[in-house]
Amino acid sequence: MLKVVLFILIGCAWLILGSYLGWHLLVVNSRKPNANNRKQLVWSSLYANRKQAVVSFLTLALGVFIVFAVGLNRKGFGDSSQLVQGTGGYSLWMETTVPVYYDMNTDEGRRQLSLMDLPEDAVFLQFLRYTADDASCLNLNKVSTPTVLGVDMQLFEQAFAIDHYKTKEENIEGYHSNGNIVPCYVDETVLTWGLMMSLGDTLHYQDAHGQEVKLLLAGTLPNTILQGNVVIDKEYFTEIWPEITGSEVVLVKVDDHEVEPTKTILATALNEYGVRVMPTGERLRQFYQVTDTYLSIFLTLGGIGLLVGLFSFVIVIRKNLAMKDEDIRLYQMLGYPSLIIEKLLVDEHLRVPLYAIFIGVTGAILSVCTSFANVSYGTWLLCLAYTALLVAGVIYFVRRIVRRKIE
């Protein structure tokens, strides 16, 4: 939630600041006394048409900002290095309908499950599951009792980064039958949008004896493949629900080139368990489909805004050039060469759109300052390429239309 607020505040603040700075430069430079200076002529002409310049700037800057900001917030799933935070470094997500009662990290467990053909370096993280409500973004309803997963917390914390609400010593208070609170961890997005709660709040469940159990929301995870579930220590889980002893959720870690063979082996050997195996990147992609839908809507609106900005920019240039006949004749009477006149007109009509592009792009970059690490190198390169393409297109159009006017 904080990131969304910062995104809006930083973007709006930068657009307002950029608008004020542009207006200040226009007013100050247009009032300088040297009227024969070429740059002074450009500033004076811009100030004379300041209303049109302001409209062109605002529409173009806002359109560029929305398009680039939305583009930078889109998640990429092609680069495995960008997925580590959400997957914990695990390659495959596995669910079974029938619980698995063997330790899949041991030779005996693999032998019992006919998994001896798996890569020797394959690592499994097994979860006990108390099935309740799905609190992921795929369920748009408010949830009060999400599904609970029990795991070896030491292994879990080695893979996933937990932002603790209190110190670890305060969180790890043992569960007792008299109703002490058990710490649990949940995805940040689920906490904000699925549960609509805050860290320090409690969830209420019933244990195997019908007694109330309170789970303290003691920390958040950074949008992981475990979205929709709350995670507690395996020891607490077995005290609360001792009848659940088999794993129904398993994470598998193998080398990238072994993912598909491992997936095939698991699907074949555990067919009787009702197994479902998928790459962790694909599972993350499913969760982000809802987010991407909203981003696509904003991207469409931003694209429309950008088109409106470009159209206003084109209209302003054509209108200004249509009113420049007397100025062009005056420049020619004063002995200005055609090349100098062209440079004057190009300079005058390039300042506003280029400044608008600069403010829009930098505003988009600043607005994602809280999640720079989540933006892939490919996205940054694409942003740079689109910026260069937009700038080149504006410069080409202005030069072409000015040259036609002078000719």
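The values are calculated or read from the model by the stated rules, or taken from the named source; none is laboratory data. The structure presented is a predicted model; accordingly, all values stated were derived computationally and were not measured. Using ideal geometry, Cβ is built from the backbone for each residue, glycine included, and neighbour counts are taken over all protein chains shown.
Inspect all residues belonging to the stretch 262-278 and state whether any of them is under 28 Å from the mean Cα position of the chain (by Cα) and surrounded by 18 or more Cβ atoms within 10 Å (Cβ to Cβ). There is at least one residue in the stretch 262-278 that is under 28 Å from the mean Cα position of the chain (by Cα) and surrounded by 18 or more Cβ atoms within 10 Å (Cβ to Cβ). For the stretch 283-293, the criterion of being closer than 27 Å to residue 71 by Cβ and at pLDDT 80 or above is satisfied by at least one residue.
Looking across 364, 385, 322, 373, one residue alone is modelled with pLDDT under 75 and of a type in the set (Gly, Ala, Ser). It is 373. The single residue among 322, 267 that is within 30 Å of residue 189 (Cβ to Cβ) and of a type in the set (A, V, I, L, M) turns out to be 267. Cβ separations smaller than 9 Å between residues 6+ apart or across chains give the following pairs from the stretch 389-407 residues that are within 12 Å of residue 321 (Cβ to Cβ) to residues that are polar (S, T, N, Q): 406/338.
Quick grid of which residues meet (1) among the basic types (Lys, Arg); (2) over 14 Å from residue 69 (Cβ atoms); (3) surrounded by fewer than 16 Cβ atoms within 10 Å (Cβ to Cβ):
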| position | (1), (2), (3) |
| --- | --- |
| 303 | no, no, yes |
| 306 | no, no, no |
| 313 | no, yes, no |
| 316 | no, yes, no |
| 321 | no, yes, no |
| 331 | no, yes, no |
| 364 | no, no, no |
| 387 | no, no, no |
| 400 | yes, yes, yes |
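For the stretch 212-227, the tally of residues that are assigned to a loop (DSSP other than H, G, I, E, B) and modelled with pLDDT of 85 or more stands at 4.
Each row is one residue, and each column tells you yes or no for (1) at pLDDT below 85; (2) closer than 28 Å to residue 261 by Cβ; (3) touching an Asp or Glu at 6+ places or on another chain (Cβ under 8 Å).
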site	(1), (2), (3)
85	yes, yes, no
88	no, yes, no
94	no, yes, no
107	no, yes, no
125	no, yes, yes
129	no, yes, yes
138	yes, no, no
